[in-house]
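Derivation of every value follows stated rules applied to the coordinates shown; laboratory data play no part. Please read these numbers as outputs of a predicted model, since none were measured by experiment. Note that we place each Cβ from the backbone using ideal geometry, even for glycine, and neighbour counts take in every protein chain shown.
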Amino acid sequence: MNYRLALKTELAQLKTFLFEHGPNPWNHLPVDGVDHEFDLIAQDKASAFTAVDGEELVGFAIFYHPQALPEKYLQYSDSESAIYIAEVVVHKNYGGRGIGHKLLSLVIEHAPDLGASLLLVDRHEENLASAGMMRKANFVELSTYIDLARRDYGSRKTTVMAFTL
């Protein structure tokens, strides 16, 4: 398995992959929101690490650089420079192999290069696979709240998690 930063020429492929392997009851993937994430990458305000098996893309993680931290996450940063991890998606046939954990680890390793001392991520409260991946990467829970705008399944709650460098 090879891991590397995505190239801007790969953004269309990554977007197609996200819509093929990302949808599940836990994920909120509105087209305009996804377009915004990829626009941030194109503008060098976000990046993506990819996982490639031979020639096949098998996963990626999108993370916003500190200057693009969404406003709603400022309350968790305590004025620290923070990265927001927006997406971690793994090919349906590659789940459970540690790929998501490795992608999170790469973002953590890269954070100091962007001047960040904190990483933030969120998930559906009941998404146990995502919760396990994040705990394995040593993220800790900060808050859980009702999120009717993004969650239409289960408890309809979002859990915010953090990793401090």
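Determine, for the chain, the count of lysine pairs separated by eight or more sequence positions (or lying on different chains) whose alpha-carbon distance falls under 16 Å.
4
Mind sorting M1, M161 by how few other Cβ atoms lie within 10 Å of their own Cβ, fewest first?
M1, M161
At q = 0.23, 0.24, 0.26 Å⁻¹, what log₁₀ I(q)/I(0) does a Debye calculation on the Cα points of segment 15-97 give, no solvent, two decimals?
Debye output, listed in q order: -1.16, -1.21, -1.31.
Suppose a student asked you for the relative contact order of the chain, using Cα pairs under 8 Å spaced at least 6 residues apart; what percent would you report?
For the chain, the relative contact order is 20 percent.
How big is segment 91-165 on each of its three principal axes, counting only the C-alpha atoms and giving the largest first in Å?
In descending order, the Cα extents are 36, 31, 17 Å.
List every DSSP H helix in the chain whose Cα atoms extend 24 Å or more along the helix's own long axis and whose mean Kyte-Doolittle hydropathy is at least 0.0.
Numbers: long enough: none.
Long hydrophobic helices here: none detected.
Running a GNM on the chain with Cα contacts under 10 Å, which residue among L14, L148, L119 ends up with the highest mean-square fluctuation?
It is L148.
Once Lys and Arg get +1 and Asp and Glu get -1 on their Cβ, which of I146, G132, L7 lies farthest toward the positive end of the dipole of the chain?
Ranked along the dipole, the leading option is G132.
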